[in-house]
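Shown next, in structure tokens, is the structure this report addresses.
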Amino acid sequence: MTDKIVPRGAFTSKFGIVAAAAGSAVGLGNIWRFPYVAGENGGGAFLLIYIGFILTIGMSVMLAEFIIGRRAQKNALGSFKKLAPGKPWWIVGFMGIVAAFVILAFYSTIAGWTFEYLIQAIGNGFAGKDAGAISQMFTDFQTSTTRPLLWQLVFMVLTAGIIVCGVQKGIEKYTKMLMPLLVLLIIIMCIRSLTLPGASEGVNFLFKPDFSKISGKVILEALGQSFFSMSIGMGALITYGSYIQKNNKLPNTTFQVAMADTVIAILAGVMIFPAVFAFNMEPDAGTGLVFQVLPNIFTEMPGGYIFAVMFFLLLSVAALTSTISVLEVVVAYGIEELNLSRKKATIIFTSAIAVLGVFATLSFSELSEFKIFGHTIFGSLDWLSANLLLPLGGVFIVIFLGWVLGKKAIVDEVTNNGQIKMRFLRVFIFILKYIAPVAIVLVFLNAIGVLG
Ligand code: PFF
């Protein structure tokens, strides 16, 4: 089943689908966001709750998105319009488009940082520096203006460039080759980090849950991180689902993507935390954590130069395979709902997002004193998307599938019209209809203190 001619864009092979969806899921969320959020929320206990959310709610929302997208064969907003004509469900799709704007605006800031670090790595900029000097280097860069903005712009243009090429030639082609290489490199770095003197403290931090650290806030952060990392709750996987052909086994694809995403987040933790403790750093250093830690690992390993270059190159690519899925949400909407050409939609939306992105980047320099409820603009966008927009989108997605579209549609899609069996069908429907919506709402209310 390769190279079939299909009217809309479509992924042409099974591996292509998994690579594209895993490419979306695996990104800065795993390597930059997971360690920093886990570090701020106590480590082991956070990890445990995070994995619990992925296995239950996360995988269900992911499968739900694939089902909706493949059934409707439309963009995130159009899918709801087509499956529930004349009803206001399209608003859920619209929320997803808003979330895409918000995510891309701040994500491109961090993606820009990876470019800066790639250039530093190429210029051997970490050599001979101790942990203090490496931290200083990060702070100096982060608080400057021109370079972070420039890199952000470069990154946005690259994302747009791939999206203009469309589904097969753009998204599928690039993601297939590069993800496996990134995993290999992370494993090598894990080994180095684990063999540093004093590494065991970091291992304990990540794997020994301290249950006294659990609070409503920690639980919401774990939920938000699971949604962000799996790319769920905003229609990115509805959009990708619409490019999946009818004979693909959606439950298997979901399982593979979720596993890849989780394993890579855990590996990122194993790479970062032993080094954090070995170099006497603090695990709750926030958004700069990985950028301050990773260079120390490189300077401590033979061949560090080449590993550093490859690592930041692949991290940039991982970021890119995620951002293209975010931009595709908005562009697919522009093409199908606003009748724009792919090129026009890409240019218009990329420019609009870039404007918001400038404010996110300047949050670390000129606008660092500007706070909304105690968060910088960057912090607000980050928090708003992961902890509010995505889980809320998730609630509506599962309610839509479980209660509105209903059992027949679900069974048709997960069994490919009765051709294959799905083992956990009942569990899945139960989670969709009852567990996921109630749990997400409770987690949220608990975190904002409504439950006392
Ligand atoms: N999952 C991506 C990551 O972990 O880096 C980020 C992301 C991509 C979030 C696509 C949401 C999305 F729709």
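The values are calculated or read from the model by the stated rules, or taken from the named source; none is laboratory data. All figures in this text were calculated on a predicted structure; none of them were measured in a lab. Cβ atoms come from the backbone with ideal geometry, glycine included; neighbour counts cover every protein chain shown. Surface areas here come from the heavy atoms of the whole protein model, side chains and all, with no ligands, DNA or RNA. Shrake-Rupley method; radii C 1.70, N 1.55, O 1.52, S 1.80 Å.
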- Could you list, in sequence order, the residues of the stretch 11-33 that are more than 15 Å from the ligand (Cβ to nearest atom) and among the hydroxyl-bearing types (S, T, Y)? T12, S13
- Within the stretch 225-269, count every residue that is within 13 Å of the ligand (Cβ to nearest atom), open to solvent by less than 30 Å² (accessible area, probe 1.4 Å) and either hydrophobic (A, V, I, L, M, F, W, C) or not in a helix (DSSP H, G or I) (or both). 16
- For the stretch 75-114, name all the residues that are within 14 Å of the ligand (Cβ to nearest atom), over 15 Å from I324 (Cα atoms) and surrounded by fewer than 24 Cβ atoms within 10 Å (Cβ to Cβ). M95, V98
- Subset of the stretch 196-220 that is touching a Gly at 6+ places or on another chain (Cβ under 6 Å) and among the aromatic types (F, W, Y) - its residue that is farthest from I57 (Cα to Cα): F205
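Condition check ((1) under 24 Å from S226 (Cα atoms); (2) aliphatic (A, V, I, L, M)) across all residues:
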| position | (1), (2) |
| --- | --- |
| A268 | yes, yes |
| P274 | yes, no |
| A278 | no, yes |
| E282 | yes, no |
| V317 | yes, yes |
- Note on the structure: Taking the stretch 380-390 and keeping residues more than 11 Å from the ligand (Cβ to nearest atom) and either among the hydrophobic types (A, V, I, L, M, F, W, C) or open to solvent by 20 Å² or more (accessible area, probe 1.4 Å) (or both) leaves S380, L381, W383, L384, L388
- Message: Could you check the stretch 332-355 and list, in sequence order, the residues that are open to solvent by 30 Å² or more (accessible area, probe 1.4 Å) and under 18 Å from L158 (Cβ atoms)?
- Response: R342, K343, I347, I348, S351, A352, V355
- Item | Evaluation of F207 against (1) more than 29 Å from I119 (Cα to Cα); (2) modelled with pLDDT under 95 (one fails), failing number | (2)
- Item | Filter result (at pLDDT below 95 and either in contact with a Phe, Trp or Tyr (Cβ under 9 Å, 6 or more places away or on another chain) or buried (at least 18 other Cβ atoms within 10 Å of the Cβ) (or both)) within the stretch 415-439 | M422
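Yes/no matrix, rows are residues, columns are (1) in contact with a Gly (Cβ under 7 Å, 6 or more places away or on another chain); (2) more than 19 Å from Q120 (Cβ to Cβ):
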{"site": "M271", "(1), (2)": "no, no"}
{"site": "P274", "(1), (2)": "yes, yes"}
{"site": "N280", "(1), (2)": "no, yes"}
{"site": "G286", "(1), (2)": "no, yes"}
{"site": "F291", "(1), (2)": "no, no"}
{"site": "I297", "(1), (2)": "no, no"}
{"site": "E300", "(1), (2)": "no, no"}
{"site": "G303", "(1), (2)": "no, no"}
{"site": "F307", "(1), (2)": "no, no"}
- State yes or no: is L405 within 16 Å of the ligand (Cβ to nearest atom) and either within 30 Å of I57 (Cα to Cα) or of a type in the set (D, E, K, R) (or both)? no
- Residue within the stretch 115-138 that is surrounded by fewer than 24 Cβ atoms within 10 Å (Cβ to Cβ) and under 13 Å from L320 (Cα atoms) present: yes
- Note on the structure: Inside the stretch 50-65, the number of residues satisfying the requirement of being surrounded by fewer than 21 Cβ atoms within 10 Å (Cβ to Cβ) and more than 17 Å from the chain's Cα centre (by Cα) is 2
